[in-house]
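For reference, the structure is listed below as structure tokens.
The values are calculated or read from the model by the stated rules, or taken from the named source; none is laboratory data. For clarity, every value in this text was computed on a predicted model and none was experimentally measured. Reconstructed Cβ throughout: ideal geometry from the backbone, glycine too, with neighbour counts over all protein chains shown.
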Amino acid sequence: ASKMNKDAQMRATINQKLIETGERERLKELLRAKLIECGWKDQLKAHCKDVIKEKGLEHVTVDDLVAEITPKGRALVPDSVKKELLQRIRTFLAQHASL
Amino acid sequence: VSVSHFQAKSCICHMCGAHLNRLHSCLYCVFFGCFTKKHIHEHAKTKRHNLAIDLLYGGIYCFMCQDYIYDKDMEQIAKEEQRKAWKLQAFTPTVVSHYQCTMTGIGEKYSTWEPTKRELELLRHNPKRRKITTNCTIGLRGLINLGNTCFMNCIVQALTHTPLLRDFFLSDRHKCEMQSPSSCLVCEMSTLFQEFYSGHRSPHIPYRLLHLVWTHARHLAGYEQQDAHEFLIAALDVLHRHCKGDDNGKKANNPNHCNCIIDQIFTGGLQSDVTCQVCHGVSTTIDPFWDISLDLPGSSTPFWPLSPGSDGNVVNGESHVSGTTTLTDCLRRFTRPEHLGSSAKIKCSGCHSYQESTKQLTMKKLPIVACFHLKRFEHSAKLRRKITTYVSFPLELDMTPFMASSKESRMNGQYQQPTDSLNNDNKYSLFAVVNHQGTLESGHYTSFIRQHKDQWFKCDDAIITKASIKDVLDSEGYLLFYHKQFLEYE
């Protein structure tokens, strides 16, 4: 249990540093561009449309869509994109070693 | 304390401290709660505060309806605030792939297009739709030769396939400033783009364009064969003037203050440093340019071919087959320090006398579209001839070694960085090549243009044929058009 708290605390500290330095926004923009480029955004958009068609436009809620596409979205992110983002974060952490 | 510092410390869930998990803010009191863990739901239930806002997207959630609700006024406010927030952020260059090039308005966030009432009307009255697939030929159209006008045709092909120019004209962004629109070359260009992207496959007859060019660039009038490069510069000049409504070149032309589409795309800054050999004082000037004219080996100006790999690294991945001159060689020669000689002494403001000096040209500011002119036509007092030396040019070009900033770091002893993928600002992609076949007396211009990222087509007046990348790179090359790979919002 204490290891989990430590990890959670580390995550929170890193996240704070990322936000403070503006790196989080930059990473988000990079990720956005990469996901558009590789067609991920289009794939998920199409999936959303399917879900809406299935459930009916009048009855579908945002929560329905979130529940439906979150697992698919996570699975469809290409490994190359994951690798690149991880590398960026590693570089960032190395530069802010005072953490 | 910066905004992001504040955000880091206070944009967290009041129950679990999480930053993520779809953070929402209560609209009745000061409470932030995450959505995923249902902390905001708990707050809504216990306090009976039934409205909350999503901190990431600005959507309003109603706990009674158990869904997001969409109110027009709230949407407007959210849009406006998002736009303001965007302007406060500083972003690194955004990746813009070749066919995705768009200029939505410098400094504005990309937002999906929503039609206005008028636009809806227009769409209803014009039901014909055109789908652009990777194989479609929209944008390709031949041009009839009106009598040795191939010099004009190949430039038109290059311009109609310049992505930013195409987007500018196809999104109707030209507002005519000329006294009479019928004499406006920019309006004619707009019409030309409409013709090219209309889907018509028959060749276009550019008689109006020719007439306008003859009217505004008298030196090009007549049915003789003209120089395509001269035509390019004249066309850019007339377009630039007409963008401001300057009909006869009488208005004060201040290139530094113009922000017309031509300047935005084509204008670069060339830095000239003259160094006094005695006091080493440097006098710097920066001049705008639309193209770079490069001397070739075999011309009467001395050309010093640099030995391969003299910088210790392969620049631009050009295979240096011994003896072949490359575009990079020409650029290196263009940016080398040149001793001005004892017959051309410069008055040095440091020494207060005439001294010998060296002069060096480097790129201060790179244009979005860089046009390289290989000086193949020699018109010296003694002879008029065409230099047909083959110059190999790359598909992708990195201009970093020729920048003023690179020269400064070289002079400060910093070694040239290996091309790192993070400095993408100076990388260019070839998108059009104009070639001249024949002799000075009788010749013919053709062009290669790039469509859809990696498809090339040869344009020979009215005849358009598919070409391979090899065809393009093996061609002699007279005018080479490169486009920046990555665009930065200013």
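When B:Val274 is tested against (1) aliphatic (A, V, I, L, M); (2) closer than 28 Å to B:Leu383 by Cβ; (3) modelled with pLDDT of 75 or more, only condition (2) is not met.
Out of the stretch B:1-25, which residues are out of contact with any helix residue (DSSP H, G or I) (no Cβ under 8 Å at 6 or more places or on another chain) and more than 14 Å from every other protein chain (Cβ to nearest Cβ)? Hit for the stretch B:1-25 is B:Ser25, nothing else. A count restricted to the stretch B:146-177 and to residues that are β-branched (Val, Ile, Thr) and over 16 Å from the mean Cα position of the chain (by Cα) stands at 3. Screening A:Asp63 with (1) surrounded by 15 or more Cβ atoms within 10 Å (Cβ to Cβ); (2) part of a helix (DSSP H, G or I) gives one miss only, at (1).
The condition of being of a type outside the set (Val, Ile, Thr), over 21 Å from B:His373 (Cβ atoms), within 27 Å of the chain's Cα centre (by Cα) and surrounded by fewer than 22 Cβ atoms within 10 Å (Cβ to Cβ) holds for B:Glu195.
Every test in (1) within 14 Å of chain B (Cβ to nearest Cβ); (2) touching a residue at least 12 places away in the same chain (Cβ under 8 Å); (3) more than 30 Å from B:Gln66 (Cα to Cα) is passed by A:Met10 save one, and that test is (2).
If you filter the stretch A:13-43 down to residues that are farther than 28 Å from B:His5 by Cα and surrounded by fewer than 16 Cβ atoms within 10 Å (Cβ to Cβ), you find that the one that is farthest from the other protein chains (Cβ to nearest Cβ) is A:Gln43.
Assess whether B:Asn435 counts as being surrounded by 16 or more Cβ atoms within 10 Å (Cβ to Cβ) and at pLDDT 90 or above.
Details: surrounded by 16 or more Cβ atoms within 10 Å (Cβ to Cβ): yes; at pLDDT 90 or above: yes.
Yes; evaluated as a whole, the condition is true for this residue.
Residue check: A:Ala46 meets all listed conditions (1) surrounded by 15 or more Cβ atoms within 10 Å (Cβ to Cβ); (2) away from chain B (no Cβ under 14 Å) but one, namely (1).
No other residue among B:Tyr61, B:Tyr28 is within 11 Å of another protein chain (Cβ to nearest Cβ) and of a type in the set (Phe, Trp, Tyr) apart from B:Tyr61. For B:Ile77, the test of being of a type in the set (A, V, I, L, M, F, W, C), within 14 Å of chain A (Cβ to nearest Cβ) and free of Cβ contacts under 8 Å to residues at least 40 places away in the same chain is failed. Here B:Trp214 meets the list (1) surrounded by 14 or more Cβ atoms within 10 Å (Cβ to Cβ); (2) free of Cβ contacts under 8 Å to residues at least 24 places away in the same chain; (3) not basic (Lys, Arg) almost entirely, failing just condition (1).
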